[in-house]
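The structure appears below as structure tokens.
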Amino acid sequence: MVLNILALVLLLFITSFAVYMVFVLGGLPGRVAGQRRHPQADAIRIMGWLGLLTGGIVWAVALVWAYMTPKSAALASPPGNENRLPPVETGA
């Protein structure tokens, strides 16, 4: 009887831990993107949660995307230099 109760408690603990890990891992790409102030943080957050439904393939892509710096952000000037940018040529 004691072993049955112990097995049930252990099973409930393992199940609750697995559910907790799904929530932690599902939100990880979005949390990383938010902390890094990624411009597409909302899209990465959604892709991270939808990635769990695809078996983790899309989740891994979302995690890599969260760590990538977009080219537009990498080429942007530092804050405070808005007035020093050269004029944009329109081609007209």
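The values are calculated or read from the model by the stated rules, or taken from the named source; none is laboratory data. Since the structure is predicted, the reported quantities are computational estimates derived from the model, not experimental observations. With ideal geometry, Cβ positions are generated from the backbone for all residues, glycine too; neighbour counts draw on all protein chains shown.
Of the numbered conditions (1) loosely packed, with under 10 Cβ neighbours inside 10 Å; (2) within 27 Å of LEU53 (Cβ to Cβ); (3) not small (Gly, Ala, Ser), THR15 satisfies every one except a single condition; which is it?
(1)
If I go through region 30-56 residue by residue, how many of them are assigned to a helix (DSSP H, G or I), out of contact with any Phe, Trp or Tyr (no Cβ under 7 Å at 6 or more places or on another chain) and at pLDDT below 90?
So the count comes out to 1.
Return the total of residues in region 28-57 being within 20 Å of ALA18 (Cα to Cα) and of a type in the set (Val, Ile, Thr).
Residues meeting the conditions: 2.
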